Amino acid sequence: MRLTPGGFCVLAISAVVAANGARAVARSINDAPPPDELARLWIEPEPNRDLFFGVGGRRLAPDPAVTYRVIKIKKGGFSDGYTVAGPDRREWSAKLYPEARTEVVASRIVWALGYHQPPAYTLEGWVAEGSRSENPQPVARFREEKPAFHGLKEEGPWSYAENPFVGTRQLKGLIVLNVMLANSDLKAGNNMRYSLSEPVEGAREWFVARDLGQTFGRTGLLDGLRDDIEAFDQSGFIEGVKDGVVDFEYNGLNQALLDGITPADVVWICSRMSKLSDRQWLDAFRAGGYAEPTAQRYIRRLKLKIAQGLALER
């Protein structure tokens, strides 16, 4: 794992983070939970999932033609945002630049591979009363507070280091996927457990890697970038393999989570990514509002990373 510019300061921060909950994910694959338990994190997805509208489909998408009323202005976090309500009284978390687009695209890719996601959408040129800026509003990620989706309800955060799936190939695959997306922010506060009123995608409880906005740039503790095609086009993935363990180019939070990940773990997630169609890739980036030339650059870099991961099988 390569240090970011900044030397000893970043090394010290990384050591502190690793000592406070970023333990290595270690467990025998033979001790994996049974399929019905594993379904709380991951299921084998059906082919050709709709990556434009995502899990919520067209039915749950926000209406771009109505005026939204700002209920609350977000405080804290990297990206500005609001809680807003439309005329139909549906309340939404609206996250603004620079994580609005990246969060939706990352969510679509994660869901395409069998990991659960709540409904989320990108809205451009929308109108709001009581906002900080003039209308139309900048692009935003819209996630409904209480969607009409099988009683989906937030139950609290969960940690990559402490959960029922530690050491499974599916959790390791999710961590590798975050590295490929250049997600610097692998912390419990970005994950959410959900309950549902009935089994959906194999389970009534979901463990979700949810706030995925710090992606598609460059990883770093102090200088991580998101939504930056130039940085992402230069981002690496695998530095090598030593003693049967993969060494990644990753400079983000909780680097110890990458300890013990094997070539087989990387091949597992990359083989699934390689099965996504060109239409699915483009739809995922269209869902985030990216123009096709920019989308193609992101996709090209991701496919190079997939090829690098698959090469470990040789």
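Extending 7 Å from the Cα toward the beta-carbon at both I73 and D36 defines two label points whose distance is 5.1 nm.
Per-peptide packing, taken as the mean over residues of other Cβ atoms within 10 Å, places 38-45, 87-94, 206-213 in the sequence 206-213, 38-45, 87-94 from highest down.
Considering only alpha-carbon pairs that sit under 8 angstrom and 6 or more positions apart, the relative contact order computed for the chain is 23 percent. When the listed pairs K95/K153; K75/K303; K95/K187; K242/K305; K146/K275; K153/K305 are checked against a 26 Å cut-off, the alpha-carbon distance exceeds it for K75/K303; K146/K275; K153/K305. Can you compute the label reach from R297? Point 7 Å from Cα along the Cβ direction, backbone N cut-off under 20 Å, restricted to the range 229-257. 229-237, by backbone N distance to the label point.
Treating only the Cα positions of the range 165-280 as identical point scatterers, give the base-10 log of I(q)/I(0) from the Debye formula at each q in 0.16, 0.18 Å⁻¹. Rounded to two decimals, the profile gives -0.84, -1.04. Taking the square roots of five times each eigenvalue of the Cα gyration tensor of the chain, the equivalent ellipsoid has semi-axes of 30, 22, 19 Å, listed largest first.
Distance between the 7 Å Cα→Cβ label points at A85 and V66: 1.1 nm.
Taking a point 7 Å out from the Cα of E129 in the direction of its Cβ, the residues of the range 59-74 whose backbone N falls within less than 12 Å of it are 67-71.
Using the Karplus relation 6.51 cos²θ - 1.76 cosθ + 1.60 with θ = phi - 60°, the per-residue 3J(HN,Hα) values for the range 273-280 come to 5, 5, 8, 5, 7, 4, 5, 5 Hz, with x marking Gly and Pro. The spacing between the range 44-68 and the range 156-212, judged by their C-alpha centroids, is 21 Å.
With a cut-off of 18 Å on the backbone N, the residues of the range 209-252 near the modelled label site 7 Å out from L310 along Cα-Cβ are 237-238. For the range 20-313, the Cβ-based charge dipole about the Cα centre amounts to some 380 debye (Lys, Arg positive; Asp, Glu negative; other atoms uncharged). Taking amide hydrogens as placed 1.01 Å from N in the peptide plane, the amide H of L186 sits under 5 Å from those of L253, each at least 5 positions away in sequence or on another chain.
Since every read-out is calculated from the coordinates, none of them should be taken as a lab result. Owing to the predicted nature of the structure, the values given are computational and were not obtained by experimental measurement. Cβ atoms come from the backbone with ideal geometry, glycine included; neighbour counts cover every protein chain shown.
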